[in-house]
Structures are given as C-alpha cells and as structure tokens.
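The values are calculated or read from the model by the stated rules, or taken from the named source; none is laboratory data. Predicted model, so just to flag it, every value in this text is computed and none were measured. Cβ coordinates were reconstructed from backbone atoms using ideal geometry, including for glycine residues, and neighbour counts include every protein chain displayed. All accessible areas refer to the heavy atoms of the entire protein, side chains included, with ligands and DNA or RNA removed. Shrake-Rupley method; radii C 1.70, N 1.55, O 1.52, S 1.80 Å.
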Amino acid sequence: MKLSFSSPSFHFLFFFCFSIVTLRYLTVNAATCHVDDESGLLGFKSRITADPSGMLTSWKPGTDCCAWAGINCLGDTRVNSISLSGQTNKPNTFLSGPISPSLSKLKFLGGLYLQNLRNISGPFPDFLFQLPKLTYVYIENNKLSGRIPASIGNLTRLYAFSLAGNRFSGPIPSSISKLTGLTQLKLGPNLLSGSIPYEIRQLKNLTYLTLEQNRLSGPIPDFFGSFPQLRILNLSSNRFIGKIPPSISALAPKLAYLELGHNSLKGQIPDYLGNFKALDTLDLSSNGFSGVVPRTFRNLTKIFNLDLSHNYLVDPFPEMNVKGIESLDLSYNSFHLKEIPKWVTSSPIIYSLKLAKCGIKMKLEDWKPAETYFYDYIDLSENEILGSAVGLLNRTSYLVGFWASGNSLKFNLESLGIVNRLKYLDVSRNLVFGKVPKAVSGLAKLNVSHNHLCGQLPATSFPASAFQGNDCLCGSPLPPCKV
C-alpha cells in the first residue's frame, strides 16, 4: 500500500518520527555534565577565597557545568578544558586561593589554562599526574611556589607546558627531557636556579623555549642543533656566562626571536647571526659583548626590534638594509654615530628609538624623520645635540617618554606641547629657559634640573631634585619666592 503525502496516515507517521528525533535531541542537549566533573569543579571553587569580579558566579550546583564560564566539554558531556584568565587592565579580575586537588576527578581534561589570575598560590599541583588525557598546561602569572618535582617527566602526553610568571625555585629537573612531545616549554619568569639540563636536547619538537627572568647560571649549553623547529628562544635576565654557543647557528632558518639580554655573556657578536633571515627580534643588551657589530647584520632584512645597548661595542656600525624598524636601542656602547642613521630616519613604523651616549653631534632640527606619529619613546641622552626639541615633540601626538639629558638643547620650555599621553620628560643638564608650565603636573616623572629656568613653580608632586640647579626657580618644593 502506498501512502499519499496528504493522507492522515502519512501526517501521523511524519509527526511521530519527528517527535521522537526532537525528543532525543533535546534530551542530549539538556543533559548536565558528568557528576565527577561537577564535583571536581565545585571543589576547586570551594577553595577559592576571593573572586571579586565574579569569575566563578555561574558555577552553581545542579546546573550544567558545560555551560559554566571557562568550561569546555566534549560531545559526551565530559569536561575537556578549563580556561580562567584575569585581565591585566582590570585589577579586580583575579582569584585567590590554592588549586584544589579535586580537579583530579576530571579524567577527560585535556587543557588546563589558569592565566593571569595573580593570587592563585600553593605548590606544584600534583593532581596533574592523575589526569590521563592532559596535553596542555598553562598556569601562568600566579603565585605558585616551591620546586618543580622530578616526577614531571611522567606527563609524557604534554604538547605545551608553561609555569611562566610564578615563584618556583630550585633546579629545572632533568626528567623534563622525557616530555618529548613538547612544542612549547615556558618556565620564566620564576626563581629557578642552577644550569640548563643538557638532557633538554631530547625535546626535538620545541618551537618555543623561554626561561627568562630566573637565576639560571653557567654557560648556555651548546645543544641547539637538536631543535630544528625552534622559532622563539628567550634566555634573558639570568646569570649565564661565556660566549654565545656556536650551535645557535643551526637555528638560522626559522628562528624569529632571540633574546639573550641581561646576562654576563662576552666575546664578539658572531658573524653567523647575519644569516638569521627570519629574525624579527634580537636582544643582546646588558652583557659584555665587545668588538664591532658584524657587517652581516645588513642581511637582517626582517628585523623589527634590535637591542644592543649596554655593551662594549665599537665603530663602525653597519648600514642596515631594513624596510622599517619598530624598536632600536644602541645606547651606552662606544659608538660615534655622529648622526641618527638614515635607515632609522626613513622608517615609517618606528615607535621606540634609544640612542643615548652614541656620539651623536647634530642640530635636532636637522633630523627629519619620515614619520613621527607612532613614536612612543625617544632617548637621545648624553650626546652633543644642539637646537630645539619643540618642533619634534609638538609633532608626536602619542609620545610617552622623551629623554634628552646631557646635551646642549636650547628652547623655551613653555613652548613645548605636553600631550596627554606624555608621562616621562627629562631635559636636565641642557640650556632650557623660560618658566615651568602647569601642564607638567600630569607627568609621572619629570627632570628639568640644571638649566636656565626661572619663575614660580606650579603645584606638582615632584621632588626638589627635579628642579635644582636652575637660575631662579622658586616655590615648593624649592624655597619660597621672594615677595
């Protein structure tokens, strides 16, 4: 027998099937998460002592935990990831308290992201070893402390592991080398000490290795030929000694960020660094490097951020072949540049230029940068620069800091347009004259000492040292003006 589309029997059969399918769909989607997952998450919440922004407000018993803030579930209603993050521009977005071991109940947890929560405290969370599917751990910018356990080598399923921005101390366990699936290892900043374990060379899949701002010491291991995929290497702000290891040259094809600043490295900058064609950022600042900057640096055509400051480098500095540089700091070496380099002047995107004590001898009005709109920071301190800073500063609407102490600049301070974004101004030890304008009260730091300023000071919170050594300034914090 055939059913007609318009027959009552067909309609009944259609709506019956449709109702069954719809009911099953609604039943699946109304199901709450697994009881163990709910219990584990509520246990975590119960140990939190402060949550001023209400980050965990939606975590309520008897509701579907898959719909809670920061929770992601698999299709079968098991919690797959926890992602809770504070916002640096919102001070009340933090959590206080320990990480409850009740999270060990979440047996399908693949990712744990507790980032920028600031006040999460306690030791390394041992419950991580009880999570068989865990592959991503980012517990960053909190207050965890103590040692990283040697048993860390048991987390062999991890692809990414970050404890950045905590207070862990002691050595980096050599057993971390057993995490051969890692693509990211981030352990800085912390308080870690000792040397970098040579066994780390076994982590051949690393693309990201950052150990900055610790207390690591000794020579940097010469094992970088083991990391063919490495794109980011940051070992800055430690206590490393010796020379840049030769095997770093093996990273040339792909490395984009090389940061070795603020250590005690020495010797000459290797010529092979000019072969790093993909390099975006190079920071060798605050070390003991000497000699000349290699001519091969002309090959760094993609470099955007270069910091060689606070070393013992000497002339000549190579003419760089870049289309645009964003940030340059050559301060406090033994350069005699005479003028601001043309490849800097022509950059359309530069935001930070620091050439303090670089042997610049020029009139500031003769410097005509292609673009001043993006400048945030300019430091020309301790040079032999003449002229006025008024024209330059009055064209920089977004300038945050200007430092030019120890030059021979001569201009009327009242002619200087102090924009709202400007927070730091140091023109001390120059030939600046006129009165101190009221607009300086909006600055965070000011130094106009040892100039030829005169008149009554506006009301500010700056110390007397910011104004001393002028011709005839008076008023708080200096002695009162004579009637």
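Write out the trypsin sites (Lys or Arg not before Pro) in region 291-350 meeting two conditions: DSSP loop, and at most 15 other Cβ atoms within 10 Å of their Cβ.
Sparse-neighbourhood loop trypsin sites (Lys or Arg not before Pro): LYS302, LYS323.
Just one of (1) 165; (2) 187; (3) 244 is volume of the Cα convex hull per residue in Å³ calculated from these coordinates, so which is it?
Identified label for the calculated read-out: (3).
For the pair LEU74/GLU365, report the inter-label distance in nm, with labels modelled 7 Å from Cα in the Cβ direction.
Going from the LEU74 label point to the GLU365 one covers 7.3 nm.
For region 85-102, just list the computed ³J(HN,Hα) in residue order, Karplus coefficients 6.51, -1.76 and 1.60, θ = phi - 60°, integers in Hz, with x standing in for Gly and Pro.
9, x, 10, 4, 8, 10, x, 8, 8, 9, 10, 10, x, x, 8, 5, x, 4
May I ask you to rank CYS358, CYS454 by accessible area, largest first, using a 1.4 Å probe over the protein chains only?
Sorted by accessible area, descending: CYS454, CYS358.
With +1 on each Lys and Arg Cβ and -1 on each Asp and Glu Cβ, and nothing else charged, work out how big the dipole of the chain is about its Cα centre, in Debye to the nearest 20.
520 debye
How much of HIS34 can a 1.4 Å solvent probe reach, expressed as accessible area in Å² and rounded to 10?
HIS34 has an accessible surface of roughly 70 Å² with all protein chains in place.
Would you give the gap between the C-alpha center of region 63-88 and the C-alpha center of region 104-119, rounded to a whole Å?
Spelled out, the Cα-based centre of one part sits 10 Å from the other.
Per residue of region 139-151, in order, report the coupling 6.51 cos²θ - 1.76 cosθ + 1.60 (Karplus, θ = phi - 60°) as ³J(HN,Hα) in whole Hz, putting x for Gly and Pro.
10, 10, 6, 10, 10, 5, 9, x, 9, 7, x, 4, 5
Quick query: amide H of LEU409 versus all other amide H atoms, modeled in the peptide plane; which residues come in under 5 Å with a sequence gap of 5 or more or a different chain?
LEU431
Please check which bits of region 302-323 a label hung off SER334 would reach, taking the label as a point 7 Å along Cα-to-C-beta and the cut-off as backbone N under 13 Å.
311-316
Using protein chains only and a probe of 1.4 angstrom, how many square angstrom of TYR208 are accessible, to the nearest 10?
60 Å²
With an 8 Å cut-off on Cα pairs and a minimum separation of 6 or more residues, tell me the relative contact order of the chain in percent.
Across the chain, relative contact order equals 5 percent.
At what distance in angstrom do the alpha carbon centres of region 430-458 and region 184-246 lie from each other?
46 Å
Tell me, what is the per residue accessible area of the chain in Å², probe radius 1.4 Å?
Per residue, the chain has an accessible area of 47 Å².
Sorted by accessible area with a 1.4 angstrom probe, largest first, how do TYR138, TYR312 fall?
Ranking TYR138, TYR312 by accessible area, largest first, yields TYR312, TYR138.
Angle, helix 8-30 long axis vs. longest principal axis of the chain, Cα atoms, 0 to 90°, nearest 10?
Between the helix axis and the principal axis of the chain, the angle is about 50 degrees.
Compute the acute angle (0 to 90°) between the alpha-carbon long axis of helix 35-46 and the principal axis of greatest extent of the alpha-carbon atoms of the chain; round to the nearest 10°.
Result, in degrees: 30.
Taking a ≥ b ≥ c as the square roots of the eigenvalues of the Cα gyration tensor of region 244-368, is the shape rounded (a/c under 1.5), prolate (a/b larger than b/c) or oblate?
oblate
Given H placed 1.01 Å from N in the peptide plane, which residues other than close sequence neighbours of ARG147 have an amide H under 5 Å from its amide H?
Amide H to amide H, under 5 Å and 5 or more residues apart or across chains, ARG147 pairs with PHE124, SER169.
Give a residue-ordered list of calculated ³J(HN,Hα) values for region 197-214 (Karplus: 6.51 cos²θ - 1.76 cosθ + 1.60, θ = phi - 60°; whole Hz; x for Gly, Pro).
These are the phi-based 3J(HN,Hα) values: x, 5, 4, 4, 4, 6, 8, 6, 9, 4, 10, 9, 10, 10, 10, 5, 6, 10 Hz.
Just to verify a number: what accessible area does TYR375 come out at with the full protein assembly present, 1.4 Å probe, Å² rounded to tens?
Here the residue's solvent-accessible area equals roughly 0 Å².
Please get the size of the charge dipole for region 251-391, origin at its Cα centre, with Cβ charges of +1 on Lys and Arg and -1 on Asp and Glu, quoted in debye to the nearest 20.
420 debye
In whole percent, how big is the carbon plus sulfur part of the accessible area of the chain, probe 1.4 Å, protein atoms only?
Heavy-atom surface of the chain belonging to carbon and sulfur, 1.4 Å probe: 54 percent.
Scan around LYS133 for amide H atoms under 5 Å from its own, H built in the peptide plane at 1.01 Å from N, and keep only partners 5 or more places away or cross-chain.
Sorted by chain and number, the residues that satisfy this are LEU109.
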